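The structure appears below as C-alpha cells.
Throughout, read-outs are computed from the coordinates displayed, never taken from laboratory work. Predicted model, so just to flag it, every value in this text is computed and none were measured. Note: ideal-geometry Cβ built from the backbone for every residue, glycine included; neighbour counts use all protein chains shown.
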C-alpha cells in the first residue's frame, strides 16, 4: 500500500502531452497556406537569406497594427487559455487528493477507530513507530513514520470514505476549466484566422496596387516567375506562419512564464535549476536554427533553380523534342533535383534534431531536480508532494520550449519571404503624376517631339536630340531594319518610360502634364503581339472601353472584317479565348485587335503593319480595316508596305533603336542616306515581283 | 494517394529501419515514465540519493539512447522522404517529357510546373510526418490500450466510448475540410492566373488604361481566396481545441468512474493513476494521428493531381518494334493524309498527298485556318495523322522511333523559343559538338552574324529565358541558325521569317539556298516573294490541296493561288 499511496499524486495528467514523445508533432501542420511547407517555396526563390531579421519582423508586425484591438483579444484569450491549462493539473491534483484521502480514510478504519481525525492518527502512528523501534523492528518503524508523514499532508478522517460530493465538485470545476480552455483556444484561433486572412488579403492587395505603380522597366528587368512567386508563394508562406506560429509562440511563452511562476511558488531553488534549462535550450535551438537556416535557404534556392529549369523545358517542349534533347533535359533536371534533394534533406534533418536535443536536455533537468529534490525531502525542507508537483511542472516545461524553438525556425522562413515581398514593395515607383493635370478631353491628335533625349541605360545613349511633328490626321511611317526599336517609340509615346530630356506634346500639352491614364486613352494600339486575354471575344473587344454597347462592339467587328468570322464560331461573341488565344489564328487575332481599337475610338494610333504571319487574303482584309481605322486619326505606323511608306506624311528611319533620319519619301530619297539605301535594296525585289 | 507510395518501395530497407527506430522510441517513451516514477517513489520519497543517482543515471542513459535513436531515425526518415520526393519529381518530369503537344496543352505548362514541384512537396511532407506517426501512433495507442485493460478492464470501456467519439468528430471535420481544400486549390490557381495575365499583359493594361479594372479582377480572386482560407483557418481553430477538450474530459470521466470503482473496492487506487497515464498515452497517439489527418486532405488533392499526370498515356509513343529507315535522304511523303483534332467533327486536313524531295524547296501556302501549321506539325509527330500515312525516308513516321525521326528534322517554329544560357549554348542545342566556326557559319547564313558579333561577348553573350533580351527578329534568326547547326536532312520552317524585314528575308533565303542545297526544305510562308521560287508550291484551302506546282504553273491553273498572288502584289503594282 505504501507503494501505491506515494505513487498516487505523482501521476497527474500533467504527465501527458509533451512529456512523452520525441516523435510527437512539434509544429502542427495547419490550415495551411497553399504551396508551401519548407521547400514549397516556389518559383525562383532566390536567396532566402535574411539580412535584417529584426527589421523585417518589425515591419511585418506593422501590418497587424489595424488589428490591434483584435490582437488584444487574442492575447487575452490566449492568456486565459494558458492559465486554464496550467491550472488544470492543479485541480486534478486536488480531486485526486480528495479521492485519495477518502480511500485512505476507509483503509485506516480497519486499524483505527472510526472518527479518528488525521492528527490523532498521526500521533498514534508515531507512537506505534516508537514502539516498533523499541522492539527492534526498524523497517516497521520507518513504514509507520512514512505513513505518519504522508497523513500529515492530508485531511483524513478515519472511516468517512470518499466524499463523492466534493470529488464531483472538483471534477465539475475541472471540466469547466477544460471546456473554458478549449473555448478560449477556439476563440483565439477564430479571431486569429480573421486577423491573418485580413492582413494577408491586404498584403496581396498592396502588392497588386504596387505593381500598378511600378515602371515598365521593373517588368522588363525582372522575371515574371519571380514576381509571381512573391505574390503567391511568399505571401502564403507568411500567412501560414501568422496563422499558426504567432498564437503558438504567444501561448508557449505564456505557458513558460506561467509554469515558471508555479515553480518559483513551490521552490525557488528548484526553479532556478529548471531555469538553467531555458538558456541551454535557447543555445541549442539557436545553434541548430543557425545551421538549418542556411540549409533552408539553400533548399529554396535549389527549388528556384529546379523550377526555372522545369518551366523552361515545359514551355519549350516542342523545341526540346524535335532537337532530340529530352535526355539532356532529364539529365539537367536530375542534377538540379539531386541538389534539391541534398539541400532539403539537410534542412529537414537539421531542423528535426531540435526536438530530440531539447528533450534530452529536459531529461537532464529532470534528474537534476530529482537529485536535489530528494536531498531536500531527506532534510525535511520540502514536502514530497511539492517535489512531485514541481517535477510535473518542470516536465510541462518541455513542450512550450520545443515549440518556441521550432517556431523560431519557421519564423526564419517567414522573414525570408517577407523580405522578398518588401523588396518588391520598396522598388522605385514611376514618377508620380502631376498634381494639376491638364485634361485634354478628346485630343485633336497633334503630336510633337521636342529635343527628346532618351536611353535605357546611361552608358548607351539611344536618342540624342529628336524633334518631330505630326499634325492631326497625318500618318507617320516608321521604317528600319529588323529590331530597329519600334518598342522604344511605343514606350516613349505611351510614357511607359520617362524621357531624360526634352518633351513630347499632345495638342501642345506636355505628356508629363497629363495623367498617364488620360494620355494613354488618346492612343490606340494595334501591334503584332496581339495582346488578347483569356475571356470572351466580347470582353476582349470591350477592353478599350468598358461601357461599349453590343451594337458598338458588333459594328466595330464589322468594320474590322471579323464579324462574320466571330458569328461562325459556336458561341459567337461569347466564345472564350484561352490563355494565349491559340484557339484562333494569328490573322483573326489581329483583326480582333483592330476591332478593339475601333471600339476604343482613340484620336491617335500606333499600328504595326508587319502582317507577314497571316495569309494574304486575311492580310488584305487587315489592310482594308487598318486603312479605315486610320482615317481621321494621327497614326504612327511601323510600316513594311511600300505604299504606306510613300504616302506617309513623315517617315522616321530607325536603326538600332535610334531615329537616324526623318522626312518625306522624296526628301529622304533626295538626301541619299540610310533610307535611300534601305529603300533601294529592300524594295527592288518587290518591284521585280510586281512587274 | 496510396498508389504513389509505390515510390517508397526502393527504400523499403530504410523505411523498415525508421520503423524499427520509431518503435524503439515508442518503447523508450513508455519506459521513461516508469523510471521517472521509480525515482520519485523509491528515491525522492525515501530521500535515498544513492538510488536517485543510479536510477537517474539509468534514466539519462535511456534518454540519451532515445535521443540518439531519434536523431538516427530523423536522419533516415528525412533521407527517405526527400528521396521519395526526388523520385516522384523525376517521374513526373520524365512523364511530361514524353507527352506530345496534345497532352501538354491539355494540362497547360503552368499547371504541370506546379504539379512537378509544389504538389510533390505536399506528398513529401506527408511522408516525413507519416514515417514517424504511422508507427508511433498505433504502437502507443495499442500499447496504451493493452496496459489500460490490464489495469482495469471495465474502466477501459471509457476508451471504447472516447475513441469512436473522437473519430466521429474528426471525420466530420475532415469531411468539411475536403471541399474547402479543393476550392482553396482552385482559388490559388485563380490568383496565380490573374496575376500571371497581369504580368504578361502589363503593356496592354496600361495602354488601355485598365489598371482599375484589373485591380478589381485581382481583388475578386484575392477576396475569394482569403474567404476560403478563412474558412479553413476557422475549421482548424475548432479542431484542435475540440480534440483537446475531448481528451481532457476523458480524464475527468476516468477520475469519476475510477473513483467510484475504487470506493466500491473493485479497483486499487494505484491502478487509477496508472490508468490515467495510459489513457493519456492513447489520446496522445490519437492527437498525433490528428496532426497527420490534417495533412491528408491537401496531400490527397496533390496526389490526385500527380496521378493525373503519371497516368496519362502519351498518344504518341514509340513503336514496340521500330523500323530503321535504310536511307537517310530526307524525303517526306504525305499519302492521303487526314487529320482531325480529338472530338472535332470536321477534319482539319483531308486527302493530303504530296512528296517533298531532297534538294528541293516545298512551300505551303493558304489562307488563315487552311491547316498549314497543322500540316507541318505532323512531320515531327507533334500530332499523329488520323488517316493515311506520313512517310519519312520511306518509313511511316509511326513505325520509327521518335529519336530516329527527330534526328532528321530541323524545325524552326513560328514563335522562336530560346533557352536561357548563351548564344553559343542555344546554337549548340542542335548539335553539341559543333565547332565555333560552324556556329559562325550558321549565324552567317541566318543573317545573325552582324548582331551577334556586335555583342560585347559575341557567342558567349547571355540569353535570358525565352530569349527576351533580343528582339523578335534576332530571336528568329538565332532559331534558324540553331537548326542549321544541326545539319538535318529536313528543314521545316513554320512561317519563320515573319519578324524579318524584306531585306533580311531575301538575304537569308539566298544564303539558305546554298547551305541547304541537299536537304529537303519545307516552308510555310505568307509572302509570295518568300515562296515564289520554291520548286513546288502546295496550295491549301480549308484543309484540302487546291493545287501543287511551281509559281508559274499555279498562276495558270490554280485560281486560289492566283487570288493570293494578286491580293499581295496589287499594292506594289499600284505603287
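Couple of notes before you dig in:
- Here the spin labels are modelled as points 7 Å beyond Cα on the Cα-Cβ line, and at residue A:216 and residue A:272 they lie 7.2 nm apart.
- Cα-based shape type of the range B:92-174, given that a ≥ b ≥ c are square roots of the gyration tensor eigenvalues and the cut on a/c is 1.5: prolate
- When you count the other C-beta atoms within 10 angstrom of each residue and take the mean per peptide, A:493-500, B:78-85 line up highest first as B:78-85, A:493-500.
- Rel. contact order, % - alpha carbon contacts under 8 angstrom, at least six apart, the range B:270-420: 26 percent
- DSSP-defined antiparallel bridges as percent of all bridges, chain B, nearest 5: 50 percent
- Mean Cβ neighbour count within 10 Å, used as a protection proxy, ranking B:14-27, A:265-278 highest first: B:14-27, A:265-278
- Each Cα pair under 8 Å and six or more residues apart adds its sequence gap; the mean of these over the residue count of chain B is a relative contact order of 14 percent.
- Against chain B, whose longest principal axis comes from its Cα atoms, helix B:12-38 is set at around 20 degrees.
- Label zone at residue A:70 (point 7 Å along Cα-to-Cβ), backbone N below 20 Å, the range A:193-222: A:193-208
- Approximate spin-label separation residue B:53-residue A:379, in nm, with each point projected 7 Å along Cα-to-Cβ: 1.7 nm
- Antiparallel bridge percentage (DSSP; both residues within the protein assembly as shown; nearest 5): 55 percent
- Acute angle (nearest 10 degrees) that the helix B:120-151 long axis makes with the longest principal axis of chain B, alpha-carbon atoms: 20 degrees
- Two-site FRET efficiency, residue B:260 against residue B:31, from Cβ-Cβ distance with R₀ of 51 Å, rounded to 0.05: 0.95
- Cα-based helix-to-principal-axis angle, B:49-98 vs chain B, degrees rounded to 10: 20 degrees
- Seen through its C-alpha gyration tensor, with square-root eigenvalues sorted a ≥ b ≥ c, the range A:328-431 comes out oblate because a/c lies at 1.5 or above while a/b is not bigger than b/c.
- Ranked list, fewest to most other Cβ atoms within 10 Å of each Cβ, for B:489, A:433: A:433, B:489
- Inter-chain Cβ neighbour count for B:185-193, averaged per residue, equals 3 (cutoff 10 Å, partner chain atoms only).
- Length added when fully stretched, residue B:190-residue B:457, from 0.36 nm per residue minus Cα-Cα: 92.0 nm
- Spin-label pair residue A:576/residue A:434, simplified geometry with 7 Å Cα→Cβ offset, distance in nm: 4.5 nm
- FRET efficiency for residue B:550 and residue B:514, using Cβ-Cβ distance with R0 set to 25 Å, rounded to 0.05: 0.80
- Using a Förster distance of 30 Å, the FRET efficiency for residue A:649-residue B:533 (Cβ separation, nearest 0.05): 0.25
- Pairs of Cα atoms nearer than 8 Å and 6+ residues apart set the relative contact order; for the range A:186-323 it is 23 percent.
- Take each residue in B:66-74, count the other chain C-beta atoms within 10 Å of its C-beta, and the mean is 6.
- Listed peptides B:139-148, B:87-96 appear in the order B:87-96, B:139-148 once ranked by packing, highest mean of other Cβ atoms within 10 Å at the front.
- For chain B: rounded, prolate or oblate by the Cα gyration tensor [a/c cutoff 1.5]: prolate
- Across peptide A:80-87, the average count of Cβ atoms from other chains found within 10 Å of a residue's Cβ is 1.
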